[in-house]
Amino acid sequence: MSQQDEAKKVAGRRVIADFIHDGMKLGLGSGTTSHFFVRELGKHVAGGLRLTCTTTSRSTNDVAREVGIEITDPNEIGELDLTVDGPDEIDHRFAMIKGGGACLLWEKIIAHASKQMICICDETKIVERLGSFPLPVEVVQFAWKQTERMVAGALARHGIKGATITRRMRDGQPVVTDSGNFILDCHCGPVIADPAPLEIALNQIPGVVENGLFTREAAGMVVGCFDGTSYVKM
Ligand code: 5RP
């Protein structure tokens, strides 16, 4: 296992130790960091920890079930106590880019359905300014090239010049999200100086379902370091 994967694991263990209590209603994030966390959590559940959990993707459903965590329908669970999820990038004010795994829509819904969201990551995810990681925008399939033009316009109006936008592909086919939409990846560079207004502007474009800027969700982050230590920043 790589040092980075070890650091992701360390973050998962720390969030369990510091934030998770018996009886909680939990949202389980997506991506490799979250999956390490879910696997660790499975050990605690097997040991008697009682939780009610829902997830942010079909892939996390699969991992949770594999480790013996029962999944409750998000429509049945009510308000969640906590969601634990990983970023693709996070800045020092806890604004994030998410959606590298194409799960941003469900992730944002579940984050907002929770009293608190804590982000878990390894130290490589922390940046001064967002944008080196391509910003994902989830769009409906209909007329997606029109939506793409409008997304480009919104980026330019927010001072992001010369961004290129690509429809996400895998194995020669467009990626289709768990909700049946396409992903447009906006290659901006580390220039997203003010992500909150951009997050709102992108979501006002017809055809945009959600975007990967998460500027209001995380209350803090739990960071796993390559030397095996971890820290919490709130
Ligand atoms: C999926 C996500 C993931 O949470 C994000 O991509 C982080 O993934 P990883 O832990 O594998 O780096 O937003 O849509």
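The values are calculated or read from the model by the stated rules, or taken from the named source; none is laboratory data. Predicted model, so just to flag it, every value in this text is computed and none were measured. Using ideal geometry, Cβ is built from the backbone for each residue, glycine included, and neighbour counts are taken over all protein chains shown.
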Inset, instruction - Output the qualifying pairs, or none if there are none: Cβ atoms under 6 angstrom, residues six or more apart or on different chains, first residue in the stretch 60-76 and buried (at least 16 other Cβ atoms within 10 Å of the Cβ), second residue in a loop (DSSP other than H, G, I, E, B). - result: THR60/SER30
Legend entry - Unique match (being acidic (Asp, Glu) and within 16 Å of the ligand (Cβ to nearest atom)) among ASP122, ASP73, ASP81: ASP122
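Mind listing just one residue for me: the one in the stretch 22-44 that is touching a Gly at 6+ places or on another chain (Cβ under 6 Å) and farther than 9 Å from THR60 by Cβ and, of those, surrounded by the most Cβ atoms within 10 Å (Cβ to Cβ)?
PHE37
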Inset, instruction - Working only within the stretch 1-22, note down all residues that are among the aliphatic types (A, V, I, L, M) and either farther than 16 Å from LEU82 by Cβ or not assigned by the TED database to the domain that holds GLU40 (or both). - result: MET1, ALA7, VAL10
Inset, instruction - Could you run through the stretch 125-153 and say how many residues are of a type in the set (Gly, Ala, Ser), away from the ligand (no atom under 16 Å from the Cβ) and touching a Pro at 6+ places or on another chain (Cβ under 6 Å)? - result: 0
Inset, instruction - Test ILE110 against the criterion of being in contact with an Asp or Glu (Cβ under 7 Å, 6 or more places away or on another chain), buried (at least 24 other Cβ atoms within 10 Å of the Cβ) and either more than 22 Å from ASP5 (Cβ to Cβ) or of a type outside the set (Asp, Glu) (or both), and give yes or no. - result: no
Legend entry - For GLY48: the one exception among (1) closer than 26 Å to GLU89 by Cα; (2) surrounded by fewer than 17 Cβ atoms within 10 Å (Cβ to Cβ): (1)
Legend entry - Test: PHE19 is aromatic (Phe, Trp, Tyr), surrounded by 24 or more Cβ atoms within 10 Å (Cβ to Cβ) and closer than 24 Å to LYS125 by Cα: no
Legend entry - Tally of residues being outside any strand (DSSP E or B) and touching a Cys at 6+ places or on another chain (Cβ under 7 Å) across the stretch 149-166: 4
Legend entry - strands (runs of 3 or more DSSP E) enclosed by the stretch 167-234 - at least 3 residues per element that are out of contact with any strand residue (DSSP E or B) (no Cβ under 6 Å at 6 or more places or on another chain), within 14 Å of the ligand (Cβ to nearest atom) and touching a residue at least 24 places away in the same chain (Cβ under 8 Å): none
